[in-house]
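See structure below.
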Amino acid sequence: METKFDMNQWGYIKDKLQDKYPDLTNADLFWGRVSRNDLLEMISNKLGKTQKEIINVIDSF
C-alpha cells in the first residue's frame with residue numbers, strides 16, 4: 001500500500017484533494033514533520049476512508 005508521490009508533487013496533489021474533498025483544510029494537508037504514511041492516515045481518518053482509497057485517489061491525479 002505505497003504511493004509514489006513526494007514533497008515536490010505535494011502542492012499539486014494537495015490542491016486536487018481540496019477540489020475533490022472541500023472539507024479538507026490546509027491544516028489537514030500540511031506535510032510538516034510527519035511521514036507520508038502518517039499524513040495519509042490523518043487524511044483517511046478525516047474523510048472516513050481507508051488509506052488504500054486515498055492512495056487510489058492520489059494516484060489517479
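Filtered by the rule that a residue be modelled with pLDDT under 95, assigned to a loop (DSSP other than H, G, I, E, B) and crowded, with 16+ Cβ neighbours inside 10 Å, region 7-30 gives Asp28, Leu29.
Being surrounded by 12 or more Cβ atoms within 10 Å (Cβ to Cβ), part of a helix (DSSP H, G or I) and without any contact (Cβ under 8 Å) to a residue 12 or more places away in the chain is the filter here, so list the residues in region 31-44 that pass it. The answer is Leu39, Glu41, Ser44.
The values are calculated or read from the model by the stated rules, or taken from the named source; none is laboratory data. Keep in mind that this is a model prediction, so the values were computed, not measured. Because the Cβ atoms are built from the backbone with ideal geometry, glycine has one as well, and the counts that use them run over all protein chains shown.
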